[in-house]
Amino acid sequence: MKAAVIVFPGSNCDRDLAEAIRISTGTAPAMIWHRETSLPEGLDLIGVPGGFSYGDYLRSGAMAAQSPVMREVKAAAGKGVAVLGICNGFQVLTEAGLLPGALMRNAGIKFVCRDVALSVENSRSAFTGGYEAGQGVVFPVAHHDGNYSADEDTLDRLEGEGRVAFRYAEEVNGSARNIAGILNDGGNVLGMMPHPERVVEGAHGRLDGLAMFEALARLG
Amino acid sequence: MKARVFVTLKNGVLDPQGKAVHHALEGLGFGGVSDVRIGKLIELDLADNTSDAAIEDMCKQLLANTVIENYKIERA
């Protein structure tokens, strides 16, 4: 299992994500600075972490999506490498065109930072295979721009193709159809606002995210 | 030469900031405001030979997210 975590200026969940990957795979991922123009050979997983890349300038994720390393991430995603974008990482993946739609300011305007109940909608992906379909999990969220928005056709397509991976089981941020996480059409790119990497060890008080990283550990 | 790019939310896209400002205006006693939408103004200082097409590309690739935003270019 070979993994990398992308680090942008302003990323702040990169080490949490790296630690979750290390716990589940036994190997620390390579940390890749955003200016890199190549990725390590033979990657099974690329993590795009949460944070406030480029201070959320222009739009959350917009600047990071134009980073040199994102060209490589797009190319790797095109070859089927698993890409997991969490929180700001989800925003970066939508801005980079790897996932449809956009993350807008929360409907309630406020930054939302709390545990939220979710349901696993698709348990057949490389990311969610360790969960049961319809299973309830609790992950923390911490975001200002998590209000998922896409046109009705796109939303219908996502639902019809089973690409809604996670749905909020409660009102959180105004997201269309309570979408918390989506897959790309190949099923190898997942973007989600909640933080599974923050619920993977005893000290976190909850282990709901561990099944995702254990499933990903089986990729390599 | 200079150009100004106005980035605005598409119709139908909820604008929570606009809603809050609308509310605040009403709170200040300003009546007759039926809606508030907040956008961005981006001022570009450009080489004189910059083409319209190049500015369009800047808008599409970075300045606006065309999933949720419209843009309008005004050359000064």
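Which residue, A:Phe139, A:Phe166, A:Phe90, tops the fluctuation ranking in a GNM of chain A built on C-alpha contacts under 10 Å?
Of the options given, A:Phe139 has the highest mean-square fluctuation.
How high is the FRET efficiency between B:Glu43 and B:His23 when r is their beta carbon distance and R₀ equals 30 Å, given to the nearest 0.05?
According to the calculation, E is roughly 0.55.
Roughly how big is chain A's charge dipole about its Cα centre, with Cβ charges of +1 (Lys, Arg) and -1 (Asp, Glu), in debye to the nearest 20?
Roughly 360 debye for chain A.
Relative contact order, percent, of region A:112-220 when contacts are C-alpha pairs under 8 Å separated by at least 6 residues?
Numbers: 210 pairs, mean separation 32.6, N = 109.
Value for region A:112-220: 30 percent.
For a quick check, take a GNM of chain B with Cα springs below 10 Å and name the residue from B:Glu43, B:Glu56, B:Glu26 with the largest mean-square fluctuation.
B:Glu26
Roll a 1.4 Å probe over the protein heavy atoms and report the accessible area of A:Tyr57 in Å², nearest 10.
Rounded to the nearest 10, the figure is 150 Å².
Rounded, prolate or oblate: which one fits the protein assembly as shown, using the alpha carbon gyration tensor with axes a ≥ b ≥ c (rounded when a/c is under 1.5, else prolate when a/b beats b/c, else oblate)? Please report the intermediate quantities before stating the final value.
On the way: a/c = 2.04, a/b = 1.38, b/c = 1.48.
Oblate, since a/c reaches 1.5 and b/c is not below a/b.
Please compute the length gained on full extension between B:Ile73 and B:Ser51, using 0.36 nm multiplied by the number of residues separating them and subtracting their Cα-Cα distance.
6.7 nm
State which entries of B:Lys19/B:Lys40; B:Lys2/B:Lys72; A:Lys74/B:Lys60; B:Lys10/B:Lys40; A:Lys2/B:Lys60; B:Lys19/B:Lys60 exceed 24 angstrom in Cα-Cα distance in the structure shown.
Correct reply: A:Lys2/B:Lys60; B:Lys19/B:Lys60.
Can you give me the Cα centroid spacing of region B:9-76 and region A:166-201 in angstrom?
Centre-to-centre distance over Cα atoms comes out at 28 Å.
Looking only at other chains, what is the average number of their beta-carbon atoms within 10 angstrom of each beta-carbon in A:149-159?
Averaged over the peptide's residues, the number is 1.
To the nearest 20 Debye, how big is the dipole of region A:62-184 about its Cα centre, given +1 on the beta carbon of each Lys and Arg and -1 on that of each Asp and Glu?
Dipole of region A:62-184, to the nearest 20 debye: 360 debye.
List the trypsin sites (Lys or Arg not before Pro) in region A:12-104 that DSSP assigns to loop (not H, G, I, E or B) and whose Cβ has at most 12 other Cβ atoms within 10 Å. Which are they?
Here the trypsin sites (Lys or Arg not before Pro) that fit, given the DSSP loop and packing criteria, are A:Arg35, A:Lys79.
Sequence neighbours fewer than 8 away in the same chain don't count; with that in mind, list the aspartates and glutamates whose C-alpha is under 18 Å from A:Lys79.
A:Glu41, A:Asp44, A:Asp185
Using the Kirkwood radius over C-alpha pairs as Rh, can you work out the diffusion coefficient of chain B via Stokes-Einstein at 10 °C, viscosity 1.306 mPa s, in µm² per second?
The estimated diffusion coefficient comes to 113 µm²/s.
Using a 1.4 Å probe and counting only protein heavy atoms, how much accessible surface gets buried when A and B come together, both sides summed, in Å² to the nearest 100? Please list the in-between numbers first.
Details: alone 9090 and 5450 Å², together 13380 Å².
Roughly 1200 Å² of accessible surface disappears when A and B pair.
Gain in length, A:Phe111 to A:Arg218, computed as 0.36 nm per residue apart minus the alpha-carbon separation, to one decimal in nm?
Gain on stretching A:Phe111 to A:Arg218: 35.0 nm.
Once the Cβ-Cβ distance between A:Gln135 and B:Ser34 is put in as r, and R0 is 45 Å, what FRET efficiency do you end up with, to the nearest 0.05?
The calculated FRET efficiency here is 0.50.
What figure, in Å² to the nearest 10, do you get for the accessible area of A:Asp153 with a 1.4 Å probe and non-protein molecules left out?
My reading of the accessible area for A:Asp153 is about 110 Å².
Mind checking which of A:Pro68, A:Phe127, A:Leu103 is farthest towards the positive end of chain A's charge dipole, using Cβ charges of +1 (Lys, Arg) and -1 (Asp, Glu) about the Cα centre?
So the residue furthest toward the plus end is A:Pro68.
Kindly report, to the nearest 10 Å², the accessible surface of A:Leu219 as traced by a 1.4 Å probe over protein heavy atoms only.
Its heavy atoms expose roughly 70 Å² to the probe.
Taking the Cα centre as origin and putting +1 on Lys and Arg beta-carbons and -1 on Asp and Glu beta-carbons, what dipole magnitude results for chain B, to the nearest 20 debye?
Working: 9 positive and 11 negative charges, 34 e Å.
That gives a dipole near 160 debye.
The values are calculated or read from the model by the stated rules, or taken from the named source; none is laboratory data. Computed from a prediction, not measured in an experiment: that's the story for all the values here. In this analysis, Cβ positions are derived from the backbone assuming ideal geometry, glycine residues included, and neighbour counts consider all displayed protein chains. The accessibility values were calculated without ligands, DNA or RNA, using every heavy atom of the protein model including side chains. Shrake-Rupley method; radii C 1.70, N 1.55, O 1.52, S 1.80 Å.
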